[in-house]
1. Tell me the residue from T58, T74 that is polar (S, T, N, Q) and within 11 Å of the ligand (Cβ to nearest atom), please.
2. Would the range 31-39 turn up any residue that is in contact (Cβ under 8 Å) with a residue 40 or more places away in the chain, of a type in the set (V, I, T) and touching a strand residue (DSSP E or B) at 6+ places or on another chain (Cβ under 8 Å)?
3. Can you report the number of residues in the range 21-42 which are away from the ligand (no atom under 14 Å from the Cβ) and in a loop (DSSP other than H, G, I, E, B)?
4. Name the pairs: first residue in the range 5-22 and charged (D, E, K, R), second residue near the ligand (Cβ under 7 Å from one of its atoms) and open to solvent by 30 Å² or more (accessible area, probe 1.4 Å), Cβ to Cβ under 7 Å, at least 6 apart or on different chains?
5. For the range 1-20, which positions are part of a helix (DSSP H, G or I) and either more than 10 Å from the ligand (Cβ to nearest atom) or over 8 Å from the mean Cα position of the chain (by Cα) (or both)?
6. Report, by residue number, each residue of the range 99-117 that is hydroxyl-bearing (S, T, Y), within 15 Å of the ligand (Cβ to nearest atom) and exposed (fewer than 12 other Cβ atoms within 10 Å of the Cβ).
7. What about S40, is it more than 22 Å from R133 (Cα to Cα), open to solvent by 20 Å² or more (accessible area, probe 1.4 Å) and of a type in the set (S, T, Y)?
8. Hey, among the residues in the range 128-144 that are within 18 Å of the chain's Cα centre (by Cα) and open to solvent by 50 Å² or more (accessible area, probe 1.4 Å), which one's nearest to N54 (Cα to Cα)?
Amino acid sequence: MERTAIFPGSFDPFTKGHEDIVRRGLQLFDRIVVGIGYNSRKQRYFHIDNMLTNIRNTFVDEPRVSVITYDELTATLAKNYNAHYLLRGLRNTTDFEYENSISQINRHLNSQLETVFLITSPNYAHINSSIIREVHKYGGDVDEFLPYKI
Ligand code: ADP
């Protein structure tokens, strides 16, 4: 059976840290669906359609990766894609606290779902989407943190 994992996130923006998780995840899974979760009532900083294109371009060489946007429960999305795994990255204990609760809830919602965590590569551990948004907002250069030009 094909092993499909969903890599869900806000990806506002998608960073080199996220790219690293996907590329390493490809050694574990046959197919990875990067799901840009959005909430129609919540404002994003980077436009979702541009982010979709940027992420697709990042993996243009990798047919096992697909990129979609979604506005529903991640557990439901996984069912729809027949995915039994969620892929997430862990940078530090703050990530762990949050990821721990969310993975318990996801399993409660969909008992077939296993969350698999990859510890961030040291080169990317400092990369944080919310800091990138702040730097970009005030005109700072964020190119080195992103796998595409913004
Ligand atoms: P969310 O809003 O769902 O937390 P994010 O886009 O912030 O979405 O992150 C998606 C996933 O990627 C999370 O599991 C997060 O811990 C992980 N992540 C974020 N930044 C990095 C990084 N620099 N290295 C590895 N994993 C990361």
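The values are calculated or read from the model by the stated rules, or taken from the named source; none is laboratory data. This is a predicted model, so every value here is computed, not measured. Every residue, glycine as well, gets a Cβ built from its backbone with ideal geometry; the counts of neighbours run over all protein chains shown. What goes into the accessible areas is simple: the full protein's heavy atoms, side chains included, and nothing from ligands, DNA or RNA. Shrake-Rupley method; radii C 1.70, N 1.55, O 1.52, S 1.80 Å.
1. T74
2. yes
3. 7
4. Filtered contacts from the range 5-22: K16/Y124; D20/Y124.
5. Once the filter is applied, which keeps residues that are part of a helix (DSSP H, G or I) and either more than 10 Å from the ligand (Cβ to nearest atom) or over 8 Å from the mean Cα position of the chain (by Cα) (or both), the range 1-20 yields K16, G17, E19, D20.
6. Matches in the range 99-117: S101 only.
7. Answer is no for this residue.
8. Here the residue is R133.
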